[in-house]
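Heads up, the thing below is written out as structure tokens.
A short reminder: the numbers here are calculations on the coordinates, not readings from a lab. Not measured: the values here are computed from a predicted model. Note: ideal-geometry Cβ built from the backbone for every residue, glycine included; neighbour counts use all protein chains shown.
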Amino acid sequence: MSPPLIRILNGSLSICLSAATLSFGAFLAQVQNAPDWLPQAEGTYAGEIWNDGSAIASETTFTLNEDGAITGSYVMHEPDKDVSGTISDCQLVDTLTLQCTWDDVYGTGDLRVTFAEDFSQFDGYWTPAAGLELGFGWNGSR
């Protein structure tokens with residue numbers, strides 16, 4: 001009885017390892033290409049963050065850390081005060097596209113941005129909590 005079970009187990013394991021290798025290979029290709037464009041995304045972008053039906057003027061800054069991770073910060077210029085926040089946990093999800101976490105006095109959520117090929121601007125959206133599909137605009141240009 002053991003040999004057929006071992007063959008099935010080995011066959012399943014082999015298929016799982018092949019799929020994992022392909023997925024890891026695709027991820028590795030993205031990471032290896034990241035240095036080609038991530039440094040170009042660094043900098044400050046003036047734009048707008050949509051909130052409560054209004055576009056709020058903002059500056060968003062992306063920074064490439066020594067370890068190759070992208071982080072950032074932003075300032076929203078509300079009518080009566082400036083609100084600062086952080087951008088962290090950025091992951092590559094596609095060429096020129098990052099999925100990050102935003103955090104400020106109002107809460108935390110997801111931010112997804114796609115940069116123009118010349119890095120003159122980005123367009124994106126934020127959600128108030130992980131997993132929500134409702135998104136609000138977030139953009140910037142330099």
Report task. Compute the projected area of the convex hull of the Cα atoms of the range 90-142, averaged over all viewing directions, and report it in nm² to one decimal place. Result -> 3.9
Report task. Figure the gain on full extension for residue 123 and residue 104 (residue separation times 0.36 nm, minus the Cα-Cα span) and round it to one decimal in nm. Result -> 4.8 nm
Query raised in the report: Under a Cβ-Cβ cut-off of 12 Å, what is the net charge of the residues other than residue 86 that fall near it, where Lys and Arg count +1 and Asp and Glu count -1?
Result: -3
